[in-house]
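Following: one structure in structure tokens, then a few remarks.
The values are calculated or read from the model by the stated rules, or taken from the named source; none is laboratory data. Computed from a prediction, not measured in an experiment: that's the story for all the values here. Methodologically, a virtual Cβ is constructed for each residue, glycine included, from the backbone with ideal geometry; neighbour enumeration extends over all protein chains shown.
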Amino acid sequence: MSLALSAARLADGWASDVRIDIDAKGQIDSITTEPNSSRLVAVPAAVNLHSHAFQRAMAGLAERQNAQLDDFWAWREAMYRFLDRMNPDQIEAIAAQLYVELLESGYGHVCEFHYVWNDPDGRPYRDPTVTARAIRNAAERTGIGLSLVPVLYSHGNFGAQPPQHGQRRFLHTVDSFLSLVDLLQPEAIALHSLRAVSAAQLHEVAAVTDLPLHIHIAEQQREVEDCLAWSGLRPVQWLQRNVDLSSRWTLVHATHMTEDEAVETARSGAVVALCPSTEGNLGDGFFQAEAYLGAGGRFGIGSDSHVSTSPVEELRWFEYGRRLRTRRRALTAGDGCTQVGAFLWQRAAECSALSANAPIGTIAKGQRANLALLDRDHPTLVGRDGDTLLDSFVFSGGGGAVAEVWVAGKRVVEQGRHVARDEIAADYRRAIAELLA
Ligand SMILES: [Zn+2]
């Protein structure tokens, strides 16, 4: 199969009049040039490095002002309550709806940080893989590329504190978790956080597999204070002193770092999964971008709680956070690319391949054919070319400019609509009606 395109952002830069041949496995077989009349421009489909699919169904339900303090921890209680009744079929319906929305916005792949394992009473399901299979079914049904990231969650706070009632659906021991990993054969695994796993558990899990490791880290100031009280070290500092931080690691958020921590993390080769829409929604704080990017730090994006399902929104809020703090403009660029939107899109996609453990993030021979095709006649993009077109898409565009999305050589979004949008939305409406009844 082959695709004719007006232009494409290849691994080594822009090319016009491009023909991409895709093999039967969905990988790019060759890229050549050939005149054509297409109005589509290909960029690498975005990679979502951090998702909790079930949270899509509660987006917008925790925005009411309360008498008590509204902070991350109050939001987390609301999230636990929302999970009280959710069953595997509902998890699948919610995940499928989310994945349709991600695809229509230009994502082609998602890392699902999955930690809902037990039934609503906190007992293991007869089949311990049932909720993970719900996620895989949703990915298969929608065609999104999936890296399943099963999560070990055992404790309620630093120092192996007992879990709270609201955490009963998440819990595994190291042994039960590792047998689950054996059954699932996932692309990566996760330690939920330094709050939810002990140091001994972290070391044990990291030692028995060589899969990429994801972890929530330093999202909240209180988490930093609790970590200091427990260990005398800040969370990122604890990792730096206690594990071999490297490109094997994906640090989710890493919001609260000192400049030294940011530089050391950047030099380690670890990837930071930035989730600016969620970090803004939860009042987490600003990422230490200047020191981290100055030292060449790698980053990708995630939509985490899914208050936004758009990759351009994550990228633009990351840049806007920096602008609002520094009162300057056009801050995030590098690698010979001075155009911020183009740099953000390209760099986030290409840094994500290791975290996802998949050949994705660039358009090149041998890579999976995960492409977002932008309509150059869309009012947002008309009259633009190359990096300027990508700047316009990132800063003033959105899903409307995404004409098609291809994942592993298969077209799953056509004329801006997912091919199964209506059926999947109908299932989602039913699931929400049951959950909110
Ligand atoms: Zn998260």
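Below are the figures for this structure:
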quantity: Residue list for the stretch 241-272, filter: of a type in the set (D, E, K, R), over 19 Å from the mean Cα position of the chain (by Cα) and crowded, with 19+ Cβ neighbours inside 10 Å; calculated: Glu261, Glu264
quantity: Selection count where residues are of a type in the set (Phe, Trp, Tyr) and not in a helix (DSSP H, G or I), scope the stretch 164-210; calculated: 1
quantity: Hey, Gly409 on the phi > 0 side of the Ramachandran plot and either surrounded by fewer than 21 Cβ atoms within 10 Å (Cβ to Cβ) or touching a strand residue (DSSP E or B) at 6+ places or on another chain (Cβ under 7 Å) (or both) or not; calculated: yes
quantity: Only listed residue being within 16 Å of the ligand (Cβ to nearest atom), among the polar types (S, T, N, Q) and either in contact (Cβ under 8 Å) with a residue 60 or more places away in the chain or part of a helix (DSSP H, G or I) (or both), chosen from Ser308, Ser277; calculated: Ser277
quantity: Any hit, the stretch 120-130, residues being surrounded by 17 or more Cβ atoms within 10 Å (Cβ to Cβ) and within 15 Å of the ligand (Cβ to nearest atom); calculated: no
quantity: Conditions (1) at pLDDT 95 or above; (2) more than 16 Å from the ligand (Cβ to nearest atom); (3) on the phi < 0 side of the Ramachandran plot: number failed by Glu63; calculated: (1)
quantity: Glu313 vs. criteria part of a helix (DSSP H, G or I) and surrounded by fewer than 23 Cβ atoms within 10 Å (Cβ to Cβ); calculated: yes
quantity: Where Trp238 falls short, out of the listed (1) in a helix (DSSP H, G or I); (2) within 16 Å of the ligand (Cβ to nearest atom); (3) over 23 Å from His114 (Cα atoms); calculated: (2)
quantity: Counted residues, the stretch 214-235 - those being within 20 Å of His203 (Cα to Cα), over 22 Å from the mean Cα position of the chain (by Cα) and not in a loop (DSSP other than H, G, I, E, B); calculated: 4
quantity: Long-range neighbours under 6 Å by Cβ, at least six apart or interchain, first residue touching a residue at least 40 places away in the same chain (Cβ under 8 Å) within the stretch 103-129, second among the hydroxyl-bearing types (Ser, Thr, Tyr) and within 16 Å of the ligand (Cβ to nearest atom); calculated: Ser105/Thr309; Val110/Ser51; Cys111/Ser147; Glu112/Ser51; Tyr115/Tyr153
quantity: Elements of type strands (runs of 3 or more DSSP E) contained in the stretch 1-88, each with 1 or more residues being touching a helix residue (DSSP H, G or I) at 6+ places or on another chain (Cβ under 9 Å); calculated: 2-10, 13-22, 40-44, 46-51
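Residues are listed down the side, and each one gets a yes or a no for (1) of a type in the set (A, V, I, L, M); (2) touching a residue at least 60 places away in the same chain (Cβ under 8 Å); (3) touching a Leu at 6+ places or on another chain (Cβ under 6 Å):
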| site | (1), (2), (3) |
| --- | --- |
| Ala295 | yes, no, no |
| Ser303 | no, yes, no |
| Val340 | yes, no, no |
| Ala353 | yes, yes, no |
